[in-house]
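See below for the structure under consideration.
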Amino acid sequence: MEQMILPIIIGVAIGLAIGYVIAKIIEKKSASKFLKQAKKQASSILKEANVNAEALKKDKILQAKERFLELKTEHEKVILSRDQKISEAEKRIRDKESQISQQLDKSKKANLEIAQKIEDYTKKIDYFERKNTEIKKLHRRQVEQLEVISGLSAEEAKKELNESLKEEAKADAMVFIQESLEEAKFTAQQNAKKIILNTIQRVGVEQSIENCVSVFNLESDDVKGRIIGREGRNIRAIESATGVEIIVDDTPEAIILSCFDPIRREIARLSLHKLVTDGRIHPARIEEVVKKTEKEITNEIIEVGKRTVIDLGIHGLHPELVKVVGRMKYRSSYGQNLLQHSREVANLCALMAAELGLNPKVAKRAGLLHDIGKVPDTESELPHAILGMQWAEKYNEKPDVCNAIGAHHDEIEMKSLYAPIVQVCDAISGARPGARRQVLDSYIQRLKDLEEIAFGFGGVQKAYAIQAGRELRVLVESEKVDDTKAAELSFNISQKIQNDMTYPGQVRVTVIRETRAVNIAK
């Protein structure tokens, strides 16, 4: 078996060797053939590269020549423009040189003329000096001759002449001063009247009357028993908490709150309103509601003060003074609301100061604060003007404002022009008809009575009492009242008012008769 396998292995090995030799021969032939093909491709690529390089070289040379021609053209243009600018600059320089040479020629001529004039002026000055010396000599001779004639020296003659001129000037000055004073007094009176009238006309009339009692309306009389409480404990709790006297009488559906302090009355009124609305009325609840209401009133006072200051355009007022201004809402002076009075005085002061050329803001500030002494936290024996001045000084108000507050009732000396303005405007606001009335109803009733008197005559269509009852305007029917009867009606109404009514000042009766012709076009 081994003898049979060995020849086979030898035969296979020989076959492999022969195959390997044949493969190498074939590989060598294919490699030589591939090398020849590669050489041919390389030669063809080199030829194409040489052709492309020549073409590219020619293109680049052409582009370089074109760029060179473009740059050359641009350069020639730049050189040409520079040559033109240089030629223009040379031309301007030549023109300037010609102008300068002409000016030099002119200046030389002018210098020659000036020199000639100076020489002429020098000659004239010499001539005038000689003449001046001659005139002085003649003047001395004349003075000496006058001294010999009059027997007085020149100094004595001057003194006498001065004395006579002084006396004459004094006499003329006194006459002029007297005439000026009289004219100034007349003019000042006219201007003062005009300023006051213009100021009063420009301020709107506002009226607000405060009483010593407030009426609290009820939905039914059954609520009165709940307000009084068992054995009157509720009403006593309200009175002790608010300091207000509560009067429960036979007035239907109303109770009366009586107190001299309007703030206390307002606290009591609001507290009662909350208690009645809530329905729970007992001493503990009353104390709680009153405390809350006091805080609300305090906040409202501050808000009123801020709103008033903002409305009047006053800035930088101390918070305590703002609070005092708000408290004025709940104070009255002779029936006139103090806040409305102070606002009116502030506006009057500003307008009057503007007419007089003073600072209206300072005047308005003084007018608003002039009565702050009327709303003290505690009672004081000082006059309200002095107390208000002390408060203003405490809170760093200007000296003019402090003096105007303290002097508006002549307790101290007036040191600025704002003090008399505040005093006058305070009097104007307080003296306005209808401003200060003890009872508002009587004032309104007087106006109604005036209108009722007019309606009592025949032919009267409408009647209006205006200007706080100082004028009654009556409108009549033109068909029933002619012009003659209108004059007679005016007289009769005035006589009726004079005989039947009591009133301050005068009442003007104006009868107005109007004729209207109306047609309709169809």
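The values are calculated or read from the model by the stated rules, or taken from the named source; none is laboratory data. In this text the structure is predicted, and so the values were computed from the model without any measurement. Using ideal geometry, Cβ is built from the backbone for each residue, glycine included, and neighbour counts are taken over all protein chains shown. Areas reflect the complete protein model, heavy atoms only, side chains present, ligands, DNA and RNA absent. Shrake-Rupley method; radii C 1.70, N 1.55, O 1.52, S 1.80 Å.
For K29 paired with E48, estimate the spin-label separation in nm (one decimal), with each label point 7 Å from Cα along the Cα-to-Cβ line.
Distance between the two pseudo-spin positions: 3.1 nm.
At a probe radius of 1.4 Å, what is the per-residue accessible area of D249, in Å² to the nearest 10?
Approximately 60 Å² for this residue.
How much of the accessible area of the chain, in percent, comes from carbon and sulfur atoms when a 1.4 Å probe is used? Mind dumping the intermediate values first?
Values: 20370 of 36770 Å².
Ligands and nucleic acids excluded, carbon and sulfur give 55 percent.
Summing Lys, Arg as +1 and Asp, Glu as -1, what charge do residues with Cβ under 14 Å from the Cβ of R82 carry, R82 excluded?
On the way: positive: K77, K85; negative: E74, E76, D83, E88, E90.
Local net charge: -3.
Helix-only mean residue ellipticity at 222 nm, the chain, DSSP H runs n ≥ 4 weighted -39,500 (n - 2.57), per residue, nearest 500. What is it? The partial results should precede the final answer.
Numbers: 14 runs with 367 residues, N = 522.
Rounded to the nearest 500, the figure is -25000 deg cm²/dmol.
Going by a ≥ b ≥ c, the root eigenvalues of the Cα gyration tensor, does the stretch 311-365 fall in the rounded group (a/c under 1.5), the prolate group (a/b larger than b/c) or the oblate group? Could you put the intermediate results ahead of the total?
Working: a/c = 3.43, a/b = 1.41, b/c = 2.43.
It is oblate, given that a/c is not under 1.5 and a/b is not larger than b/c.
Excluding residues fewer than 8 places away in the same chain, name every one of the lysines whose C-alpha is closer than 25 Å to that of K24.
Within the straight-line limit of under 25 Å, K24 reaches these lysines: K33, K36, K39, K40.
What label, among [x] 54; [y] 62; [z] 77, belongs to percent of Cα pairs over 31 Å apart computed from the structure on display?
Matching the structure shown: [z].
With a 1.4 Å probe and all protein chains kept in place, how much accessible area does F457 have, in Å² rounded to the nearest 10?
For F457, the solvent-accessible surface is approximately 50 Å².
Can you grab the distance from the C-alpha centre of the stretch 1-59 to the C-alpha centre of the stretch 386-420, Å, no decimals?
For the stretch 1-59 versus the stretch 386-420, the Cα centre distance is 130 Å.
What lysines could a cross-link reach from K91, if we take a straight Cα to Cα line under 18 Å and drop same-chain neighbours fewer than 8 places away?
none
What dipole magnitude, in Debye to the nearest 20, does the chain give about its Cα centre under +1 on Lys/Arg Cβ and -1 on Asp/Glu Cβ? Mind dumping the intermediate values first?
On the way: 84 positive and 80 negative charges, 1027 e Å.
Roughly 4940 debye for the chain.
To the nearest 10 degrees, how steep is helix 233-242 against the longest Cα principal axis of the chain, on a 0 to 90 scale?
Helix 233-242 and the main axis of the chain meet at about 70 degrees.
With a 1.4 Å probe and every protein chain left in place, tell me how much accessible area D222 has, in Å² to the nearest 10.
My reading of the accessible area for D222 is about 120 Å².
Could you provide, to the nearest whole Å², the per residue accessible area of the stretch 279-334 with probe 1.4 Å?
Computed with neighbouring chains in place, this is 54 Å² per residue.
Longer than 25 Å from Cα to Cα, which of K295/K398; K106/K131; K291/K364; K306/K394 are they? Say none if no pair is.
Working: K295/K398 32 Å; K106/K131 37 Å; K291/K364 36 Å; K306/K394 20 Å.
Beyond 25 Å: K295/K398; K106/K131; K291/K364.
Any idea of the accessible area per residue across the stretch 34-176, 1.4 Å probe, to the nearest Å²?
Values: 13760 Å² over 143 residues.
Per residue, the stretch 34-176 has 96 Å² of solvent-accessible surface.
State the extension gain, in nm to one decimal, for the chain segment bounded by E300 and I466, taking 0.36 nm per residue of separation less the distance between their alpha-carbons.
Details: separation 166, 0.36 × 166 = 59.76 nm, distance 3.39 nm.
Using 0.36 nm per residue and subtracting the Cα-Cα distance, I get 56.4 nm.
Just to be sure I understand the model, the point goes 7 Å from the Cα along the line to the Cβ. What's the resulting K36 to T277 distance in nm?
12.5 nm
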